[in-house]
Amino acid sequence: MAQRSDAELIAIAEAFHGPGSVCSVAPLGNGNVNDTYLVRTQGEPAVLQRLNTRVFNQPQLVLQNLQVLGEHIQQKLEGSERHSLLSGRRWQLPQLVRTLDQQQTWHCCEAGEIWRTITYVPDADCVDVVEGPAQARELGIGLGLFHQLISDLPPAALADTLEGFHITPLYLEGYHKALVNTEQQPSEASEQCITFIREREQLCDLLERAKERGELPVRPIHGDPKINNVLLDRQTGQAVALIDLDTVKPGLVHYDIGDCLRSCCNRLGEETLEFDAVRFDLELAEAILEGYLGVAGSFLSESELRYIPDAARLISFELGLRFFSDYLCGSTYFKADRPRHNLERALVQFALTASIEAQLPALRQLVERLAAQPIASRS
């Protein structure tokens, strides 16, 4: 996608805010898929995003999901359940802003790109690396609140905006095709990835087989609740929102829980180059799961609880598989700052997977202990 000038970005933002109302448009965050900007206006700031239509080839479904989700959560937050769910906590869901002329939730610019604007959550930031157990617990609470708020939303009410997303066996198929067709030169690092994948191919359908057996039900999920998609209040440190809602869809909550654990329990973060030092931190995992189960554990079945450790391992492996496949394909999905960027990201995820595998018995014991506690004592 071509970069837009400041004047072009302001013109696009004005489709939502009106001529002359936009003061500035500046890059926001470090997302791997969409382009995101903070819009300063004469009123409240907002977030402008260019949807990556190579990834989301039916952007209208993405926007439809956001509207369904927003209406459902807003109804819950305005109802009698608010106090019991939030206990005085601030919680917000970014809302779609409509264009002024046609009252649409999207704008198509002259270049044919699809843009949307959502409300900005004030006085909140995200983090890329967890500072400690207290913060990890809040990240778990944030995901738990989101799941609890949408637990009664029928999965069929949401469109599947990314068919095959988090279906690990499909990523394995794509990897095999990429391996055959790649133009990347062989290297020690890529051979290391190939060996790592080959040794774990039989694990790829673990969650899908459990779903087929009826052990894991399909529920509405966020789809991408990694660490920097949870906003924390600047003053209190409490989780106040989940952002990047494009991947909201029907799926397994394990995709979300696994992704949260994967991204939060690696103290070195996704972008580290210290591959040998990457570890899955059990102390952080305990804090996350304590927070999560304290608000969302009531609707999970025994089977769903039992598969949480497997989800942490599988989603870490899956992301490594996706990063490596994208590297083999020339980095067409994930944004990359350098030729080996996605290869390096894959090495991080595979090191994290190996660390989880080494601690699986302890992680299973942790989940069993937390699941056995009364809900009130976890929160």
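Side notes on the structure shown:
- Meets criteria (farther than 23 Å from ALA134 by Cα and in contact with a Lys or Arg (Cβ under 6 Å, 6 or more places away or on another chain)) for PHE323: yes
- The single condition among (1) of a type in the set (Lys, Arg); (2) outside the structural domain of TRP106 (by TED's automatic domain parsing); (3) assigned to a strand (DSSP E or B) that ARG40 does not meet is (2).
- Test for VAL130: is it β-branched (Val, Ile, Thr) and more than 25 Å from CYS264 (Cα to Cα): no
- Only one of the listed residues (GLY223, GLY174) is small (Gly, Ala, Ser), under 17 Å from TYR255 (Cα atoms) and assigned by TED's automatic domain parsing to the domain that holds PHE350. That residue is GLY223.
- Against the test of being buried (at least 18 other Cβ atoms within 10 Å of the Cβ) and at pLDDT 90 or above, the options GLN49, GLN67, GLN103 yield a single qualifying residue, GLN49.
- Qualifying residue in segment 68-86 (condition: in contact with a strand residue (DSSP E or B) (Cβ under 7 Å, 6 or more places away or on another chain), more than 25 Å from VAL25 (Cα to Cα) and either of a type in the set (S, T, N, Q) or not in a helix (DSSP H, G or I) (or both)): no
- Residues of segment 255-285 classified as under 15 Å from PRO309 (Cβ atoms), assigned to a loop (DSSP other than H, G, I, E, B) and in contact with a helix residue (DSSP H, G or I) (Cβ under 8 Å, 6 or more places away or on another chain), total: 2
- Contact map, segment 347-358: first residue over 16 Å from GLN192 (Cα atoms), second residue of a type outside the set (D, E, K, R) and part of a helix (DSSP H, G or I), Cβ cut-off under 8 Å, separation 6 or more or different chains; pairs are ILE356/PRO309; ILE356/ALA312; ILE356/SER316; ILE356/LEU363.
- Verdict on GLU163 being of a type outside the set (Val, Ile, Thr), at negative phi, free of Cβ contacts under 8 Å to residues at least 40 places away in the same chain and in contact with a helix residue (DSSP H, G or I) (Cβ under 7 Å, 6 or more places away or on another chain): no
- Among the residues of segment 188-215, just one is free of Cβ contacts under 8 Å to residues at least 12 places away in the same chain, of a type in the set (Lys, Arg) and not in a helix (DSSP H, G or I), namely ARG213.
- Looking only at residues of segment 327-346 that are part of a helix (DSSP H, G or I) and touching a residue at least 40 places away in the same chain (Cβ under 8 Å), we find that the one that is farthest from the chain's Cα centre (by Cα) is LEU328.
- Residue in segment 327-341 that is among the β-branched types (Val, Ile, Thr), over 16 Å from PHE196 (Cα atoms) and in contact with a Gly (Cβ under 8 Å, 6 or more places away or on another chain) present: no
The values are calculated or read from the model by the stated rules, or taken from the named source; none is laboratory data. Quantities reported herein were computed from a predicted structural model and do not represent experimental measurements. Quick reminder, even Gly has a Cβ in these numbers, built from the backbone with ideal geometry, and neighbours come from all protein chains shown.
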